[in-house]
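**Q** Sharing a structure, written as structure tokens. Questions coming.
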Amino acid sequence: MKLKFLAATAAIALSSAAAQANTLVYCSEGSPEGFDPALFTAGTTFDASSHPIYNRLLEFETGTTNVIPGLAESVEAGDNGLEYTFKLRQGVKFHSNDEFTPTRDFNADDVIFSFMRQKDDSHPYNQVSGGTWEYFKGMGMPDLVESIEKVDDYTVKFTLSKPEAPFVANMAMDFASILSAEYADAMMEAGTPEKLNTAPIGTGPFSFLAYQKDAVIRYAQNADYWKDPADVENLIFAITPDASVRYQKLKAGECHIMPYPNPADIQAMQDDADINMMEQEGLNVGYLAYNTTMAPFDNPNVRKALNMAIDKNAIIDVVFQGSGQVAKNPIPPTMWGYNDAITDDAYDPEAAKAMLEAEGVSDLSMKVWAMPVQRPYNPNARRMAELIQADFAKVGVDVEIVSYEWGEYLSRSKDLDRDGAVLLGWTGDNGDPDNFLAVLLGCDGREASNRAQWCHEPFEDLILKAKQSTDQAERTKLYEDAQVIFKEQAPWATIAHSVVYMPMSNKVQGYKVHPLGGHIFYGVSVE
Amino acid sequence: MFGYFLTRLGMFIPTFLGVTLISFMFIRVLPGDPIIVMAGERGMSEERYQEMVEKLGFDKPVLEQYWDYLVGVLHGDLGESFVTKKPVWDEFFALFPATLELSICAMIFAVALGLPAGVIAAVNRGKFFDRALMSSALIGYSMPIFWWALLLIIVFSGNLGWTPVSGRIDLLYYFPSVTGFMLIDSLLSGQEGAFGSAVRHLILPTIVLGTIPLAVIARQTRSAMLEVLGEDYIRTARAKGLAPARINGLHALRNALIPVITVIGLSVGTLLAGAILTETIFSWPGIGKWMVDSIFRRDYPVVQGGLLMIAVIVMLVNLLVDVLYGVINPKIRRR
């Protein structure tokens, strides 16, 4: 026992020396909930689990929302749009740890295991680690995926219950990470199935070494990675919840990269010659949703007039302190299908007032709901609501600002007879426009994620057609047309997309800001 | 003495039951449904919501939920976190040594500086030392922890580079956690420089967390000393010609210690409350931040389990303080 401890200490001391040589330290903003991505929904968890440790059948190309081959070399859609056949990559190795050394390469059994544990309630791993499979169920996968079949060791066929093109993008999402079925069997036999979540084994560019809760996560380069090995030998997440402290650590050289800087620090960071500041529009949208089932907000002209009364540039300056851009469409500009030809409603209080009068609306009083939490798409909803209140006062509309505890807010804002317009937003999951337009504005979303309670047949027809088509060019056209209808009908005032800033040391090379929000360190090196 | 101890221990049981009830009810009276908070903007279908309600046991009557919780607690089972799906007990003990280590250091810092400061101020009543020390104590007591911590980080870590910004040890040191106390583990690891690194990482958080208790202890010691110094027996001792150091250090301080020990006992609660902010700023992996995150996420088992454990610790410390009274002042244990 003593010998074993000494050996472990010696090995660790060696790795400490190596750590100095080629280590990337990332000051992360929080602790992961665990290391099995299918069990959780937080971006912080995915940064620590699905990106470094695992792969998926398909992947998002880092820095874009394009879907590229991952553990599957190719995917073929059947003519009816119901069958998807994945050809798997051969010779892919899983990591090993003290308790497990894989005896075989990745194959179809791992794919079947990774999905069936989420789909099948009677699967031995379905209830392990309190499995609620939030994302898999939230994306409607249990009903969508009718069956998963192993055609041979390196071919898997998914059969869907209805044609749904976004399925392909779903396969690149974090919940679709591929785990080792062999490791799962070994842990089940050892009576420790929860180790799938606490001592993860994947095929990704980094293997998991250790996690000290709320303090540090350590990874080592996977030398057997199926692509080129990662550029750094060691990856360390130094968990640092406070943004000012992350900045101080970056300045002191205690970490190389940090996410989510304080807006107030951004200018100083940009002026610092030792810091390289990368930025990109986030894949999100912040909006004000009217209740389109209630008068006078059931009239598109009234909604449009109110949209014209909002000074969005002032909101970007005051609420986002510059780290945002005005939104004119309900999807962000980094997403394919974005219709840049659309012109935003100009800020014109006089015209707005005249338009309201023309529609017979006078002495209007309304509520504006302000979220009690901070989100990238809305860093200060109360302040935003106050600015909107002042803007609406200029066109003769009296606004009362209301707010509730977050759970209550989410719950009450869904009510069909909700009084007033709600500030809310959305961050994309899979880079597919369907994930915004159908989820937030489709008829099925009423009394749920469609806070405008809006159901407009011409719009609905377009997004349903786009969902069922597997022709990317056709889908793009349909979504562009849908945005034109959205702009005419104005169920929301689209307010802003956030801008994501990523400060890093000048020594860091090769980092790409990922539009889906993840922080990915494969391909990143330190001088 | 033993009877006195048993009486104090007997009072522990109803307090413990009260605490289980309060910790159970506290999170439930806050508005906000944990399932809806978990689902976030995405929301969930009614069917899925019901499934989750059953899974988490919220479909049972509240009294039955409390009973299940109480039975669990008595069997040493505090439940599993909704968020990490891990036993609350395991999470608590993974994080608690860090909080304990920091709190002990902060308390040693506060007592080591606070007691002499209070005595010096009392002996020099009305003079420069007294005014300077008591003004400093007032400033220390009024200092917002968050601001104070950032100020120290910017000056000592950022500008001067004397101390690390945050964390418990330099990331290059990597060894298995044996006791959870970094000072001890770094010594056990045998790695050169590890202990020194752990000490350097402790300096700023210790000062920040210890500042308020230091101020309180200094002020309390001063006022207790002043009271005792006015007593007849001190005048007698002076008249006998005893050395001032012996009078102040032995006769006066021993009797002034009772209210000071009370304050130290009560400061444990303050330390744990202060640890929430201190731990967040210094990325210190303790229970403070863990509890706050859980309240925002409405992670019932963690909040109620964590509150219960903290309450038990505060109660145990105060039990110890009661026993110490008895040791210091025989009149108390004979009552």
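**Q** So how many residues does the range A:417-437 have that are over 19 Å from A:I315 (Cα atoms), aliphatic (A, V, I, L, M) and within 14 Å of chain B (Cβ to nearest Cβ)?
**A** Count: 0.
**Q** Only one of these conditions is not met by A:T240: (1) more than 22 Å from the chain's Cα centre (by Cα); (2) buried (at least 22 other Cβ atoms within 10 Å of the Cβ). Which number is it?
**A** Checking A:T240 against (1) more than 22 Å from the chain's Cα centre (by Cα); (2) buried (at least 22 other Cβ atoms within 10 Å of the Cβ), the one that fails is (1).
**Q** Within the bounds of the range B:305-327, is there any residue that is closer than 18 Å to B:S81 by Cβ, more than 15 Å from the chain's Cα centre (by Cα) and at pLDDT 85 or above?
**A** Checked against the condition, which is being closer than 18 Å to B:S81 by Cβ, more than 15 Å from the chain's Cα centre (by Cα) and at pLDDT 85 or above, the range B:305-327 yields at least one hit.
**Q** Let me ask something else. Filter the range A:218-234 for residues that are in contact with a strand residue (DSSP E or B) (Cβ under 8 Å, 6 or more places away or on another chain) and either open to solvent by 10 Å² or more (accessible area, probe 1.4 Å) or within 11 Å of chain B (Cβ to nearest Cβ) (or both) and give the result.
**A** Across the range A:218-234, the qualifying residues are A:R218, A:A220, A:Q221, A:N222, A:P229, A:D231, A:E233, A:N234.
**Q** Quick check on A:M278: is it open to solvent by 20 Å² or more (accessible area, probe 1.4 Å) and at pLDDT 95 or above?
**A** No; evaluated as a whole, the condition is false for this residue.
**Q** Which of the following residues is more than 25 Å from the chain's Cα centre (by Cα) and buried (at least 17 other Cβ atoms within 10 Å of the Cβ): B:V228, B:V165, B:V208, B:V216?
**A** Going through B:V228, B:V165, B:V208, B:V216 in turn, just one is more than 25 Å from the chain's Cα centre (by Cα) and buried (at least 17 other Cβ atoms within 10 Å of the Cβ): B:V228.
**Q** When the range B:72-86 is examined, which residues are found to be more than 10 Å from every other protein chain (Cβ to nearest Cβ) and either open to solvent by less than 50 Å² (accessible area, probe 1.4 Å) or touching a residue at least 40 places away in the same chain (Cβ under 8 Å) (or both)?
**A** Result: B:G72, B:V73, B:G76, B:L78, B:G79.
**Q** Pairs please, first residue from the range A:302-325 and among the hydroxyl-bearing types (S, T, Y), second anywhere and assigned to a helix (DSSP H, G or I), Cβ atoms under 6 Å, 6+ apart in sequence or on different chains.
**A** Pairs that qualify, where the first residue is among the hydroxyl-bearing types (S, T, Y) and the partner is assigned to a helix (DSSP H, G or I), are A:S323/A:P263.
**Q** Being at negative phi, within 26 Å of the chain's Cα centre (by Cα), assigned by the TED database to the domain that holds A:V302 and without any contact (Cβ under 8 Å) to a residue 40 or more places away in the chain, is that true of even one residue in the range A:358-372?
**A** Yes, that holds for at least one residue.
**Q** Let me ask another. B:I184 - would you say it is more than 19 Å from A:Q248 (Cα to Cα) and either within 9 Å of chain A (Cβ to nearest Cβ) or out of contact with any Ser or Thr (no Cβ under 8 Å at 6 or more places or on another chain) (or both)?
**A** Yes; evaluated as a whole, the condition is true for this residue.
**Q** While we're on this one: Condition first: of a type in the set (A, V, I, L, M) and assigned to a loop (DSSP other than H, G, I, E, B). Now tell me which residues in the range A:200-223 satisfy that.
**A** Within the range A:200-223, A:I201, A:A215, A:A223 meet the criteria.
**Q** Let me ask something else about it. Taking the range B:52-63, which residues are modelled with pLDDT of 80 or more, part of a helix (DSSP H, G or I) and open to solvent by less than 90 Å² (accessible area, probe 1.4 Å)?
**A** B:M52, B:V53, B:V62 - these are the residues of the range B:52-63 that are modelled with pLDDT of 80 or more, part of a helix (DSSP H, G or I) and open to solvent by less than 90 Å² (accessible area, probe 1.4 Å).
**Q** Further, regarding this structure: Looking only at the range A:22-48, how many residues end up being hydrophobic (A, V, I, L, M, F, W, C) and open to solvent by 10 Å² or more (accessible area, probe 1.4 Å)?
**A** Result for the range A:22-48: 3.
**Q** If we keep just the residues of the range A:199-223 that are modelled with pLDDT of 95 or more and polar (S, T, N, Q), which is farthest from A:L235 (Cα to Cα)?
**A** Among them, the one singled out is A:T203.
**Q** Okay, moving on. Out of the helices (runs of 4 or more DSSP H) lying entirely within the range A:229-319, which hold 1 or more residues that are farther than 20 Å from B:I153 by Cβ?
**A** A:266-271, A:300-308, A:312-318
**Q** In the range A:146-186, how many are surrounded by 21 or more Cβ atoms within 10 Å (Cβ to Cβ) and either of a type in the set (F, W, Y) or part of a strand (DSSP E or B) (or both)?
**A** Residues that pass the stated criteria total 6.
**Q** Moving to a separate point now. Just to be sure before I move on: is B:R8 of a type in the set (K, R) and in contact with a Phe, Trp or Tyr (Cβ under 9 Å, 6 or more places away or on another chain) in the structure I sent?
**A** No, not satisfied.
**Q** In the range A:266-275, is there at least one residue being within 14 Å of chain B (Cβ to nearest Cβ), open to solvent by 60 Å² or more (accessible area, probe 1.4 Å) and not β-branched (V, I, T)?
**A** Looking through the range A:266-275, at least one residue is within 14 Å of chain B (Cβ to nearest Cβ), open to solvent by 60 Å² or more (accessible area, probe 1.4 Å) and not β-branched (V, I, T).
**Q** While we're on this one: Restricting attention to the range B:168-175, does a residue exist that is modelled with pLDDT under 90, open to solvent by 50 Å² or more (accessible area, probe 1.4 Å) and within 14 Å of chain A (Cβ to nearest Cβ)?
**A** Yes, the range B:168-175 contains at least one residue that is modelled with pLDDT under 90, open to solvent by 50 Å² or more (accessible area, probe 1.4 Å) and within 14 Å of chain A (Cβ to nearest Cβ).
**Q** Under the condition of being among the aliphatic types (A, V, I, L, M), in contact (Cβ under 8 Å) with a residue 12 or more places away in the chain and at the interface with chain A (Cβ under 9 Å from one of its Cβ atoms), which residue from the range B:132-162 is surrounded by the fewest Cβ atoms within 10 Å (Cβ to Cβ)?
**A** So, considering only residues that are among the aliphatic types (A, V, I, L, M), in contact (Cβ under 8 Å) with a residue 12 or more places away in the chain and at the interface with chain A (Cβ under 9 Å from one of its Cβ atoms), the one surrounded by the fewest Cβ atoms within 10 Å (Cβ to Cβ) is B:L150.
**Q** Restricting to the range A:365-407, give me the number of residues that are part of a helix (DSSP H, G or I) and hydrophobic (A, V, I, L, M, F, W, C).
**A** Residues that pass the stated criteria total 9.
**Q** Name the pairs: first residue in the range A:246-264 and at the interface with chain B (Cβ under 10 Å from one of its Cβ atoms), second residue part of a helix (DSSP H, G or I) and open to solvent by 20 Å² or more (accessible area, probe 1.4 Å), Cβ to Cβ under 7 Å, at least 6 apart or on different chains?
**A** A:Y247/A:D265; A:Q248/B:I154; A:Q248/B:G158; A:K251/B:G158; A:A252/B:G158
**Q** Another question about this same structure. If I ask for residues that are assigned to a helix (DSSP H, G or I), at the interface with chain A (Cβ under 7 Å from one of its Cβ atoms) and either within 30 Å of the chain's Cα centre (by Cα) or closer than 16 Å to B:P301 by Cα (or both), which ones from the range B:31-46 would you list?
**A** Selection gives B:V37 alone.
**Q** Would you list the helices (runs of 4 or more DSSP H) that sit entirely within the range A:100-144 and hold 2 or more residues that are polar (S, T, N, Q) and either out of contact with any strand residue (DSSP E or B) (no Cβ under 6 Å at 6 or more places or on another chain) or within 10 Å of chain B (Cβ to nearest Cβ) (or both)?
**A** In the range A:100-144, A:108-119 are the helices (runs of 4 or more DSSP H) which contain 2 or more residues that are polar (S, T, N, Q) and either out of contact with any strand residue (DSSP E or B) (no Cβ under 6 Å at 6 or more places or on another chain) or within 10 Å of chain B (Cβ to nearest Cβ) (or both).
**Q** Inside the range A:419-527, counting only helices (runs of 4 or more DSSP H) that do not spill past its ends, which hold 1 or more residues that are open to solvent by less than 10 Å² (accessible area, probe 1.4 Å) and under 29 Å from A:Y260 (Cβ atoms)?
**A** Those helices (runs of 4 or more DSSP H) span A:434-441.
**Q** Look through B:S283, B:S267 and report the one residue that is assigned to a loop (DSSP other than H, G, I, E, B) and touching a residue at least 12 places away in the same chain (Cβ under 8 Å).
**A** None of the other options fit; the residue is B:S283.
**Q** Let me ask something additional. When the residues of the range A:399-415 are narrowed to those that are open to solvent by less than 40 Å² (accessible area, probe 1.4 Å) and among the aromatic types (F, W, Y), which ends up nearest to the other protein chains (Cβ to nearest Cβ)?
**A** Going through the qualifying residues, I end up with A:W406.
**Q** Which of (1) closer than 20 Å to B:F96 by Cα; (2) under 15 Å from the mean Cα position of the chain (by Cα) is the odd one out, the single condition B:T262 does not satisfy?
**A** (1)
The values are calculated or read from the model by the stated rules, or taken from the named source; none is laboratory data. Just so it is clear, the model here is predicted, and its values are computed rather than measured. Note that each Cβ is placed from the backbone with ideal geometry, even for glycine, and that neighbours are counted across all protein chains shown. The protein model used for the area step is the full one, side chains on, heavy atoms only, and it has no ligands, DNA or RNA in it. Shrake-Rupley method; radii C 1.70, N 1.55, O 1.52, S 1.80 Å.
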